[in-house]
Each structure stands twice: as C-alpha cells, then as structure tokens.
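The values are calculated or read from the model by the stated rules, or taken from the named source; none is laboratory data. This structure is a prediction, so every number in the text was calculated from the model and none was measured. Note: ideal-geometry Cβ built from the backbone for every residue, glycine included; neighbour counts use all protein chains shown.
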Amino acid sequence: MIMLLTMLFMICMFGFVGKLIGFAFEFSWSMIKVLFSVVFLPIILIALVFGGLLSIAFPILIVAIIISLIAKEGKEV
C-alpha cells in the first residue's frame, strides 16, 4: 500500500513540476516579447536613423505600426 501511495505521489509531483516548468517557459517568452517590443525595437530604430539608414528604419516602423493596429489587445499575433 505504501509503494502505491509513493508512486501516486511521484506521478502527481512530476505533473505539478511539469506544469510549473511550462508556466515558466510561457512567462519568459512573454517577457522576451515585451522587452523586444518596448525596449529593443525603439533602440534599434534610433540606431538605424543615427547611422544614416533611414530607408531601412522607416519601413520597419511602418510594419510595426500596422501590426500593432491589427493585433487586438490580449491576443497574440
């Protein structure tokens, strides 16, 4: 009986730890998306403009604006 309860506990523990790992990956992916869109994209665009590559920065900015207008809040693109 003890062995059965131990096995049941181990199975439930693996399920719980698996769910936590999945949540951690989902959270980190969301944080990477937020960091890229809020921090890295504007810095990259500013660097492109200062570097004289306005012809590259402007289309990237237009595409980012169109994607932000199309994407609804709370939904992933």
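Taking the stretch 1-48, which residues are among the small types (Gly, Ala, Ser) and closer than 18 Å to residue 60 by Cβ? Walk me through how you get there before you give the answer.
The first filter runs over the stretch 1-48 and keeps only residues among the small types (Gly, Ala, Ser), leaving 15, 18, 22, 24, 28, 30, 37, 47.
Across the stretch 1-48, the qualifying residues are 37, 47.
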Any idea which of 37, 30 is modelled with pLDDT under 90, under 17 Å from residue 65 (Cβ atoms) and small (Gly, Ala, Ser)? 37
